[in-house]
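Step one of this worksheet: look at the structure below.
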Amino acid sequence: SQGLGENYMAMSSDYYLKDVLKLEPASAQAFKSLTHLPWNIKPIYGLMSDTLPILGYHRGPYIVMAGALGVFAWVTLAIQKKPSFSLSAFLLLIANYSIASPDVIIDAAITERSQYAPMYASDLQSLSWGSHAVGGIIGCSTVGQAQAHIHSRGVFALNALTALSILVLAGLRWLPEKQIPPGAERSIACRQAWQKGGQRSLYLLAFFVAICA
């Protein structure tokens, strides 16, 4: 989703702004800054998945939701007949979220598993970043030809497949996790939120990162 999908999005969205929406450079930059917002608030996704489980699960439902929103956004971008600035900005905002949110959650899952088996921590990191690099190489080497032959809307349709892939894999529970017993979700979430809320240094660090981003 991130290695392949993000590379496809980067080039196709540039052509989409220029050829379809007919935006001037200043307007295009403002558009891209707006739609890139989901990447600037990534800590929020981690906090939500850690403290607000859905149906007793911390990871899977959030990835399913991101994948479903990604499919909706990419397909709508590909088939809309009369593109507008506001609708396109909203859809690309959702598309960015569909990539950024699973990125945070997978990093959290890797950290969690590294704590259980420290001897495999480096292997997990290598697998994660190696997979990202492979997707990036495939994306960089194919997006130019895809853009030339099927144009930006066709590339958007292809990107729907990357969102669909994480939706299907998360739905099949390829990311194993224990379910919190019914009734325990609220108390655990409140306790975790209270514990995290007491760590003032974390909030200051998050604020600093947000300002720098």
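Readers should treat all values here as calculations from the given coordinates under stated rules, not as data from a laboratory. Because the structure is a prediction, the values reported are computed rather than measured. All Cβ positions, even for glycine, are placed from backbone atoms using ideal geometry, and neighbour counts span all protein chains on display.
Given the alpha-carbon gyration tensor of the stretch 93-138, what are the semi-axes of its equivalent ellipsoid in whole angstrom, ordered largest first, with each equal to the square root of 5 times an eigenvalue?
23, 15, 4
Straight-line reach from LYS178: which lysines have Cα under 28 Å away, leaving out those fewer than 8 places along the same chain?
LYS42, LYS196
May I ask for the distance between the Cα centers of the stretch 116-133 and the stretch 6-81, given as a whole number of Å?
Measuring centre to centre over Cα atoms gives 26 Å.
What are the residues whose amide H is under 5 Å from the amide H of ILE54, where those residues sit 5 or more places off or on another chain and H is modelled from the backbone?
Hits under the 5 Å cutoff: none.
How many nm is it between the label spots at ASP14 and LEU175, if each spot is 7 Å from the Cα in line with the beta carbon?
3.0
Ratio to report: Rg/Rh of the stretch 1-105, with Cα atoms as the point set and Rh obtained by the Kirkwood method; give two decimals.
Over the Cα atoms of the stretch 1-105, Rg/Rh equals 1.01.
How far, in nm, would the chain grow between ASP123 and LYS81 when pulled straight, counting 0.36 nm per residue and subtracting the alpha carbon separation?
Going from the current span to full extension adds 10.5 nm.
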